[in-house]
Amino acid sequence: MTESRTGGPAASVLGDTLEAWLEAQLAANEEQFARRPALLDVGAYQGKFTKRFLNLQPPSFSQAVLFEPNPENFAKLQTDFAGDRRVRLEQAGCDTQAGTHEFFCRGETYTGSLLPYADAERNGAGTKQTVKLVMLDEFLAANGLRDQIGLLKIDTQGNDLRVLQGAVQTLRESRPWLIVELIYTSLYVGQASPSALGVWLAEQDYVWAGQFNEYYSEDGWLGWADGCFVPREVVRAGEVNYLKRPTSARALRDHGFWRSLKRRLRGN
């Protein structure tokens, strides 16, 4: 592994963000993902996650399916991925069964959910519209993709556990890595807690492998984060070295140190 500017090989594995960590893990486990070349992005918003990981060099994924029920976000996806044959766009949400459901959205479109806002009485329910739902197991089986999924990313504003429960056969057959939003504060009615997600995934023989991109309230309480869950069989057994994950402040400080050292050595 190439030594990084923030202090050595570990820094590239233990990056400050989930995206940096995941890129390193994809490279380290390239044989596994070569056998499972499809990326699922559920709650794709405007496709930023897919753009980044579908365009890695060398590539880890050869195709992606994006699910996004919000019409405004979906229109953006259609524009940005126009002509990209690797990408399939589905204007739908995902749940434990196919059908239709009310979709709630208030303010920024990334907050839209199949679940009502927890503070609706105080701040309003926002707009409501009926959207299409798919069950991932049924959709993937119908399209010959169930055993092709290497990575499943879910960001559905509290509905993440129901998405996973609708994909249980895919988890058992394809054993994809999972990126799941974890919400620690009360934002939506009926949202799944991180502990409930962790318990259910442990029952599917998945391990809570990492947590990144934590956001806190101004008074210091954890609000939400991104969690990574991997099949238990890919976790290395035996004794390993444990390292503290660097913070962004440390990364900036270390980068500044090495930059100033180079300047001094160059006589600048």
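Counting only residues that are touching a helix residue (DSSP H, G or I) at 6+ places or on another chain (Cβ under 9 Å) and among the hydroxyl-bearing types (Ser, Thr, Tyr), which one in segment 112-156 is farthest from Pro194 (Cα to Cα)?
Per the stated criteria, the residue is Tyr117.
Out of everything in segment 94-104 that is in contact with a helix residue (DSSP H, G or I) (Cβ under 7 Å, 6 or more places away or on another chain) and buried (at least 19 other Cβ atoms within 10 Å of the Cβ), what residue ends up being nearest to Ala75 (Cα to Cα)? Explain how you work it out, then say what you get.
Just the residues of segment 94-104 that are in contact with a helix residue (DSSP H, G or I) (Cβ under 7 Å, 6 or more places away or on another chain), to begin with: 94-96, 98.
Now restrict to residues that are buried (at least 19 other Cβ atoms within 10 Å of the Cβ): 94-95.
On the way: Cys94: 18, Asp95: 22 Å.
Among those residues, the one meeting the criterion is Cys94.
Would you say Ser217 is among the hydroxyl-bearing types (Ser, Thr, Tyr) and farther than 17 Å from Tyr110 by Cα?
So Ser217 fits the description; yes.
May I ask you to list the residues in segment 33-59 that are crowded, with 18+ Cβ neighbours inside 10 Å and either within 16 Å of Ser174 (Cα to Cα) or of a type in the set (Phe, Trp, Tyr) (or both)?
We begin by selecting, within segment 33-59, every residue crowded, with 18+ Cβ neighbours inside 10 Å; these are 33, 36, 38-47, 49-50, 53-54.
Hits for segment 33-59 are Phe33, Arg36, Ala38, Leu39, Leu40, Asp41, Tyr45, Phe49, Phe53.
Among the numbered conditions (1) at negative phi; (2) at pLDDT 90 or above; (3) more than 18 Å from the chain's Cα centre (by Cα), tell me where Arg250 comes up short.
Here Arg250 clears every test but (2).
Evaluate the following for Leu89: is it in contact with a Leu (Cβ under 6 Å, 6 or more places away or on another chain) and either assigned to a helix (DSSP H, G or I) or of a type in the set (Lys, Arg) (or both)?
In short, no.
Just the residues that are under 19 Å from Pro176 (Cα atoms) and either in a helix (DSSP H, G or I) or over 20 Å from the mean Cα position of the chain (by Cα) (or both), please, taken from segment 113-144.
Result: Leu136, Asp137, Glu138, Phe139, Leu140, Ala141, Ala142, Asn143, Gly144.
Going through Leu164, Leu171, Leu178 one at a time, which residue ends up being within 16 Å of Phe67 (Cα to Cα), in a helix (DSSP H, G or I), out of contact with any Pro (no Cβ under 6 Å at 6 or more places or on another chain) and of a type in the set (A, V, I, L, M)? First the steps, then the outcome.
Working: Leu171 fails: within 16 Å of Phe67 (Cα to Cα); Leu178 fails: in a helix (DSSP H, G or I).
Selected residue: Leu164, the only one of Leu164, Leu171, Leu178 that is within 16 Å of Phe67 (Cα to Cα), in a helix (DSSP H, G or I), out of contact with any Pro (no Cβ under 6 Å at 6 or more places or on another chain) and of a type in the set (A, V, I, L, M).
Which ones in segment 200-210 are surrounded by fewer than 15 Cβ atoms within 10 Å (Cβ to Cβ) and outside any loop (DSSP other than H, G, I, E, B)?
Ala202, Glu203
Consider Lys128 carefully, then state whether it is under 22 Å from Gly227 (Cα atoms) and in contact (Cβ under 8 Å) with a residue 12 or more places away in the chain.
no
Just one of (1) within 21 Å of Thr170 (Cβ to Cβ); (2) without any contact (Cβ under 8 Å) to a residue 60 or more places away in the chain; (3) not in a strand (DSSP E or B) trips up Pro69, so point out which.
For Pro69, the exception is condition (2).
At least 1 residues that are among the small types (Gly, Ala, Ser) and at pLDDT below 65 in each: list the helices (runs of 4 or more DSSP H) lying fully within segment 1-45 that qualify.
The qualifying helices (runs of 4 or more DSSP H) are 9-13.
I'm told Val134 meets every condition in (1) within 23 Å of Trp21 (Cβ to Cβ); (2) in contact with a Cys (Cβ under 7 Å, 6 or more places away or on another chain) except one. Can you identify the failing condition by its number?
(1)
Return the total of residues in segment 102-138 being among the acidic types (Asp, Glu) and more than 17 Å from Val163 (Cβ to Cβ).
Count: 3.
Among the candidates Glu68, Glu121, which residue alone is of a type in the set (Asp, Glu), farther than 24 Å from Val230 by Cβ and crowded, with 21+ Cβ neighbours inside 10 Å?
Testing whether each residue is of a type in the set (Asp, Glu), farther than 24 Å from Val230 by Cβ and crowded, with 21+ Cβ neighbours inside 10 Å leaves just Glu68.
Can you give me the number of residues within segment 211-247 that are under 30 Å from Leu187 (Cα atoms), modelled with pLDDT of 75 or more and either part of a loop (DSSP other than H, G, I, E, B) or among the β-branched types (Val, Ile, Thr) (or both)?
Of all residues in segment 211-247, those under 30 Å from Leu187 (Cα atoms) come to 211-231, 245-247.
Then keep just the ones that are modelled with pLDDT of 75 or more; that gives 211-231.
Next, from what is left, pick out any that are either part of a loop (DSSP other than H, G, I, E, B) or among the β-branched types (Val, Ile, Thr) (or both): 217-221, 230.
So the answer is 6.
With the checklist (1) at pLDDT 95 or above; (2) closer than 24 Å to Gly227 by Cβ; (3) out of contact with any strand residue (DSSP E or B) (no Cβ under 8 Å at 6 or more places or on another chain) in hand, flag the one item Leu114 doesn't pass.
(3)
The values are calculated or read from the model by the stated rules, or taken from the named source; none is laboratory data. Because the structure is predicted, anything quoted here is derived from the model rather than measured. Cβ coordinates were reconstructed from backbone atoms using ideal geometry, including for glycine residues, and neighbour counts include every protein chain displayed.
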